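Engineer: Handing you a structure now.
The values are calculated or read from the model by the stated rules, or taken from the named source; none is laboratory data. In this text the structure is predicted, and so the values were computed from the model without any measurement. All Cβ positions, glycine included, derive from the backbone under ideal geometry; neighbour counts span all protein chains shown. Keep in mind that these areas ignore ligands, DNA and RNA; they rest on the heavy atoms of the full protein, side chains included. Shrake-Rupley method; radii C 1.70, N 1.55, O 1.52, S 1.80 Å.
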Amino acid sequence: MESTPPTPRQDRLKFSHEAVGSQLEEILSNTQSSYFSRLNSALSVELKLSFRLAAPAVVVYLLNNVVSMSTQMFCGHLGNLELAAVSLGNTGIQVFAFGLMLGMGSAVETLSGQSYGARKYEMLGIYLQRSVLLLMATGLPLTVIYIFSKNLLTLLGEPTNVASSAALFVYGLIPQIFAYAANIPIQKFLQAQSIVAPSAYISLAVLVIHLLLTWLAVFKWNWGLLGAALVLSLSWWFIVLAQFLYIVMSKRCKHSWRGFSLQAFSGLWSFFKLSAASAVMLCLESWYFQMLVLIAGLLPNAKIQLDSLSVCMIIAGWVFMISVGFNAAASVRVSNELGAGHPKSAAFSVKVVTSSSFIICVIAAIIVMALRHVYSYAFTDGEVVSKAVADLSPFLAATIVLNGVQPVLSGVAVGCGWQSFVAYVNVGCYYLIGIPLGVVLGFSLKLGAKGIWSGMIGGSFLQTLILIWFTYRADWNKEVEKAKERLNSWVDRDVE
C-alpha cells in the first residue's frame, strides 16, 4: 500500500511533526554551531513541542479521573455502605478493567505514532479500527467478571452487604467497559497526530454534564448506586461520541481517517500479539502499587495503616497524572521521530521529556514533605491518622520522584516498541523482588506498612535503573531502522 503524498495544506497542519521534527534534527546535526548554541536552540524547540503534548494530556487524565471520583463523592452522601461499595467497585473491579484496556490499547500507540512519523497517514485509521475491534472482544470476558463481581468480592473476604452493594454499582459500569474499548484507541489515534487539546475541551464539557446528571440521578430521581453507575457509563460514551465526531468532521484528520474499512479485520492475530505484550507491561505497572494496599490490609491492626496509606495513594495518584501526561508526550515524540527517520531528535526528546517530568515531580515531592503534617486533614480530622500520614510521607515523596522518571521511560518503550522487554523487567523487579522484599520487611521484620512500601520502592527503583540503562545504551539509528522494518512488515501484511 502506497502512502498518499501530503497536500500543501496538510504540510502546514503537520507543524508539530514534519516542520519541527526536521528543524530539530537539523539543529542537532549542525556541527558548525557550538554545543551550547545547539543545545539552547534544540531545547527551545523540544520544550514547546513536549509541553504542547503533555499539558493537555495531563488535563484530559485529570478530568477523566474527576468524572469517576465525583460519582464516588455523590454516592458517599447516601451513606457509609454506599461509599464503601463505590470505592470497592471503582478501585477494585473498574481499575482492573481500565488497566487491561489501556495496556491492550498501547499497541495502536506504537504503530500509529511511527506510521504518522513515516507519513503513512492512511494506516492510522486502520490501526484505530483494528484496536477497537480487539478491545471490544476483550470487553466480553470482562463483562463476565463484572456479572460475577459479587461472588468474586465475597471470595476475597469482603462483607456480604458491601459485596452486594458494590456488585450493584458494578453492573451499571458494564457499558463503560465498551466505552473504554472505543475511547482508548481514539485517544491514542489523536495523540499520535499531536491532537490533544480537543480531548481536553471535550472532557471538561462532559464533566459539567456528568456532575449535573449524577446530582439528578442520586438526589432528585433516587436511582441509587445503579443509576449513578449508569450515568457514569453514559458520560464515558459522551466522550467517545464527541471525539469520534471530531475525527470525522475535523480537517486535521481527513488524511488519517478515511472511513470504515474491511482491512481492519485483517492481521488481527499479529495485532493481538503486540497488544498482549503491551497489556502485560502496563498492567504489571498499574497493579503494582495497588498490591501495597492489599498486602497492608493483612497487617495486624491494619485500620490506621490502611487509612494513612489511602490518603498517601490519593496524593500519589494526583501527582501521577503529571507523569502520565509526560508518558503520552514521550511516546508520541519518540514514535513520531523514529517513524520520520530522525534518530537525534528521538534521543533528544527522551532526555528533555524525562528531565522535565523529573524536575516537576521533585518539586511536588518537596511540597509533600513540607506539608506532611497538614494535607491529611483534607481527608480526615483524626490526629492519629494524620501522624501516620506524616510518618509515611518520606515514602510517598520517594515514590513521587521515581514516578517522575519510570512512567516516562515506559512511554519511550511504547514509542519504540519495547513492550515485551519491559514486561520481563517488570515481572522480575516488581513481582520477584519488590513485593517479596516488602513482605519480608513488613511482616518478618515487623516494619509494617513502612517495610512493605520500602520493598516495593526498591523494586520500582531497580526497574527504573534498568530502563535508564537500556535507554541510555539504545542505538537510535538502529531504532529508526527497526521502526521502518516494523512499518513495512505491517503494510506488506495488510496488502496481502
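Engineer: Do you know which residues across region 200-235 are in contact with a His (Cβ under 9 Å, 6 or more places away or on another chain), more than 16 Å from Gly76 (Cα to Cα) and open to solvent by 50 Å² or more (accessible area, probe 1.4 Å)?
Structural biologist: Of everything in region 200-235, just one residue is in contact with a His (Cβ under 9 Å, 6 or more places away or on another chain), more than 16 Å from Gly76 (Cα to Cα) and open to solvent by 50 Å² or more (accessible area, probe 1.4 Å), namely Leu234.
Engineer: Working only within region 236-264, note down all residues that are among the β-branched types (Val, Ile, Thr) and open to solvent by less than 30 Å² (accessible area, probe 1.4 Å).
Structural biologist: Across region 236-264, the qualifying residues are Ile239, Val240, Ile247.
Engineer: Moving on. Given the options Gln187, Gln191, name the one that is within 14 Å of Val132 (Cβ to Cβ) and not small (Gly, Ala, Ser).
Structural biologist: Exactly one of Gln187, Gln191 is within 14 Å of Val132 (Cβ to Cβ) and not small (Gly, Ala, Ser), namely Gln187.
Engineer: Within region 94-115, which residues are aromatic (Phe, Trp, Tyr) and at pLDDT 85 or above?
Structural biologist: Across region 94-115, there are no qualifying residues.
Engineer: Checking Ala398 against (1) without any contact (Cβ under 8 Å) to a residue 24 or more places away in the chain; (2) over 24 Å from Gln191 (Cα atoms): exactly one of these is not met. Which one?
Structural biologist: (1)
Engineer: Among the candidates Phe271, Phe178, which residue alone is under 22 Å from Arg119 (Cα atoms), of a type in the set (A, V, I, L, M, F, W, C) and under 21 Å from the mean Cα position of the chain (by Cα)?
Structural biologist: Phe271
Engineer: So how many residues does region 353-382 have that are open to solvent by 60 Å² or more (accessible area, probe 1.4 Å) and in contact (Cβ under 8 Å) with a residue 40 or more places away in the chain?
Structural biologist: Counting residues in region 353-382 that are open to solvent by 60 Å² or more (accessible area, probe 1.4 Å) and in contact (Cβ under 8 Å) with a residue 40 or more places away in the chain gives 3.
Engineer: Taking Val385 as meeting all but one of (1) over 30 Å from Met123 (Cβ atoms); (2) open to solvent by 30 Å² or more (accessible area, probe 1.4 Å), write down the number of the exception.
Structural biologist: Evaluating Val385 over (1) over 30 Å from Met123 (Cβ atoms); (2) open to solvent by 30 Å² or more (accessible area, probe 1.4 Å) leaves (2) as the failure.
Engineer: What's the number of the only condition in (1) over 30 Å from Ser266 (Cα atoms); (2) modelled with pLDDT under 90; (3) open to solvent by 50 Å² or more (accessible area, probe 1.4 Å) that Phe421 fails to meet?
Structural biologist: (1)
Engineer: For region 2-47, enumerate the residues that are modelled with pLDDT under 80, open to solvent by 90 Å² or more (accessible area, probe 1.4 Å), in a loop (DSSP other than H, G, I, E, B) and not hydroxyl-bearing (Ser, Thr, Tyr).
Structural biologist: Answer for region 2-47, where residues must be modelled with pLDDT under 80, open to solvent by 90 Å² or more (accessible area, probe 1.4 Å), in a loop (DSSP other than H, G, I, E, B) and not hydroxyl-bearing (Ser, Thr, Tyr): Glu2, Pro5.
So that you can scan it fast, the table gives a plain yes or no per residue for (1) farther than 26 Å from Val362 by Cα; (2) among the polar types (S, T, N, Q):
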position: Lys387; (1), (2): no, no
position: Asp391; (1), (2): no, no
position: Leu409; (1), (2): no, no
position: Ala413; (1), (2): no, no
position: Trp418; (1), (2): yes, no
position: Ala423; (1), (2): yes, no
position: Ile433; (1), (2): no, no
position: Ser444; (1), (2): yes, yes
